[in-house]
Amino acid sequence: MDKIDSERTLEIIERLKIAKIGEYKKWETIIKKIKKEIPLSQAELEYYSRLTRIYKEPTITSRTRIYHVRLSEHDEHPPCQLCGESSEYYCNINDQYFCTIHVVGHDDNEI
(Lines give C-alpha, C1' and ligand atoms only; values in the text may rest on other atoms or scores of the structure.)
Protein backbone atom coordinates (compact mmCIF):
# COMPACT_ATOMS: atom_id res chain seq x y z
CA MET A 1 0.00 0.00 0.00
CA ASP A 2 1.31 3.47 -0.89
CA LYS A 3 1.85 6.06 1.79
CA ILE A 4 -1.14 8.37 2.13
CA ASP A 5 -0.99 12.02 1.13
CA SER A 6 -1.20 13.53 4.62
CA GLU A 7 -2.16 17.01 3.48
CA ARG A 8 -4.98 15.73 1.25
CA THR A 9 -6.18 13.29 3.90
CA LEU A 10 -6.34 16.03 6.53
CA GLU A 11 -8.26 18.27 4.12
CA ILE A 12 -10.88 15.58 3.53
CA ILE A 13 -11.21 14.78 7.23
CA GLU A 14 -11.78 18.48 7.93
CA ARG A 15 -14.56 18.51 5.32
CA LEU A 16 -16.14 15.45 6.93
CA LYS A 17 -15.99 17.11 10.36
CA ILE A 18 -17.64 20.28 9.03
CA ALA A 19 -20.36 18.18 7.39
CA LYS A 20 -20.78 16.33 10.72
CA ILE A 21 -20.00 12.98 9.11
CA GLY A 22 -18.51 10.59 11.64
CA GLU A 23 -17.54 11.16 15.24
CA TYR A 24 -15.73 14.40 16.05
CA LYS A 25 -13.46 12.84 18.72
CA LYS A 26 -12.35 10.04 16.40
CA TRP A 27 -11.49 12.52 13.65
CA GLU A 28 -9.51 14.64 16.14
CA THR A 29 -7.49 11.60 17.23
CA ILE A 30 -6.78 10.61 13.63
CA ILE A 31 -5.79 14.20 12.73
CA LYS A 32 -3.34 14.41 15.64
CA LYS A 33 -1.72 11.11 14.67
CA ILE A 34 -1.40 12.08 11.01
CA LYS A 35 0.15 15.45 11.90
CA LYS A 36 2.66 13.76 14.23
CA GLU A 37 3.27 10.99 11.64
CA ILE A 38 2.14 8.32 14.11
CA PRO A 39 0.76 5.19 12.42
CA LEU A 40 -3.00 4.79 12.73
CA SER A 41 -4.34 1.83 14.69
CA GLN A 42 -6.23 -0.94 12.95
CA ALA A 43 -9.52 0.40 14.37
CA GLU A 44 -8.75 3.91 13.08
CA LEU A 45 -7.90 2.56 9.62
CA GLU A 46 -11.17 0.62 9.59
CA TYR A 47 -13.14 3.68 10.71
CA TYR A 48 -11.52 5.85 8.05
CA SER A 49 -11.95 3.25 5.31
CA ARG A 50 -15.67 2.92 6.06
CA LEU A 51 -16.31 6.64 5.66
CA THR A 52 -13.95 7.94 3.01
CA ARG A 53 -11.52 7.09 0.30
CA ILE A 54 -8.45 9.02 -0.89
CA TYR A 55 -7.63 9.14 -4.59
CA LYS A 56 -4.49 10.07 -6.47
CA GLU A 57 -6.68 12.04 -8.86
CA PRO A 58 -7.06 15.48 -7.20
CA THR A 59 -10.50 16.19 -8.68
CA ILE A 60 -12.04 13.30 -6.70
CA THR A 61 -12.10 14.20 -3.02
CA SER A 62 -14.45 11.95 -1.15
CA ARG A 63 -16.97 9.33 -1.94
CA THR A 64 -20.67 9.85 -1.78
CA ARG A 65 -21.60 6.32 -0.80
CA ILE A 66 -20.14 3.38 1.09
CA TYR A 67 -17.83 1.29 -1.08
CA HIS A 68 -16.39 -1.00 1.60
CA VAL A 69 -18.94 -3.07 3.47
CA ARG A 70 -17.85 -4.89 6.62
CA LEU A 71 -19.01 -8.50 6.53
CA SER A 72 -21.11 -9.74 9.43
CA GLU A 73 -20.44 -12.97 11.28
CA HIS A 74 -23.27 -14.51 9.25
CA ASP A 75 -21.80 -13.55 5.87
CA GLU A 76 -19.54 -15.81 3.88
CA HIS A 77 -15.88 -14.75 4.27
CA PRO A 78 -14.09 -15.75 1.06
CA PRO A 79 -10.29 -15.34 0.90
CA CYS A 80 -8.82 -11.84 0.62
CA GLN A 81 -8.13 -10.99 -3.02
CA LEU A 82 -4.52 -9.99 -2.20
CA CYS A 83 -3.25 -12.30 0.55
CA GLY A 84 -5.69 -15.21 0.75
CA GLU A 85 -6.53 -14.68 4.43
CA SER A 86 -10.15 -14.57 5.58
CA SER A 87 -11.87 -11.43 4.26
CA GLU A 88 -13.57 -8.88 6.50
CA TYR A 89 -14.76 -6.44 3.80
CA TYR A 90 -16.51 -6.52 0.46
CA CYS A 91 -15.67 -3.78 -2.08
CA ASN A 92 -18.71 -3.18 -4.25
CA ILE A 93 -16.73 -1.17 -6.82
CA ASN A 94 -14.36 -4.06 -7.61
CA ASP A 95 -16.76 -6.84 -6.60
CA GLN A 96 -13.94 -8.35 -4.52
CA TYR A 97 -13.29 -9.31 -0.91
CA PHE A 98 -10.44 -7.99 1.23
CA CYS A 99 -8.99 -8.49 4.71
CA THR A 100 -8.70 -5.57 7.12
CA ILE A 101 -5.12 -4.86 6.04
CA HIS A 102 -5.79 -4.77 2.29
CA VAL A 103 -9.20 -3.07 2.16
CA VAL A 104 -7.50 0.34 1.93
CA GLY A 105 -5.09 0.64 -0.96
CA HIS A 106 -6.29 -2.20 -3.19
CA ASP A 107 -7.47 0.16 -5.93
CA ASP A 108 -4.99 1.86 -8.30
CA ASN A 109 -6.86 5.16 -7.81
CA GLU A 110 -6.59 4.89 -4.06
CA ILE A 111 -3.61 5.97 -1.99
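When nucleic acids and ligands are ignored and a 1.4 Å probe is applied, Thr9 ends up with an accessible area of around 0 Å². Ordered from highest to lowest accessible area with the whole protein assembly present and a 1.4 Å probe, Val103, Val69 read as Val69, Val103. Accessible area of Arg50 (1.4 Å probe, protein heavy atoms only, ligands and nucleic acids ignored): about 80 Å².
How do Ile101, Ile38 stack up against each other in accessible area, from largest to smallest, with a 1.4 angstrom probe? Display every interim value, and only then the final one.
Numbers: Ile101 115, Ile38 80 Å².
Result, largest first: Ile101, Ile38.
Site pair Ile38 and Ser6 shows an inter-label distance of 1.3 nm when each label is modelled 7 Å from Cα along Cα→Cβ.
Grab the Cα-Cα distance for Ser72 and Arg15, subtract it from 0.36 nm times how many residues apart they are, and report the gain in nm with one decimal. Could you put the intermediate results ahead of the total?
Numbers: separation 57, 0.36 × 57 = 20.52 nm, distance 2.93 nm.
Fully extending the segment from Ser72 to Arg15 adds 17.6 nm.
Surface calculation, 1.4 Å probe, protein heavy atoms: Asp95 sits at approximately 110 Å² accessible.
The values are calculated or read from the model by the stated rules, or taken from the named source; none is laboratory data. Remember, it's a predicted structure, so these values are computed and weren't measured experimentally. Positions of Cβ are generated from backbone atoms using ideal geometry, with glycine treated the same way; all protein chains shown enter the neighbour counts. Accessible surface areas use protein heavy atoms only, side chains included; no ligands, DNA or RNA. Shrake-Rupley method; radii C 1.70, N 1.55, O 1.52, S 1.80 Å.
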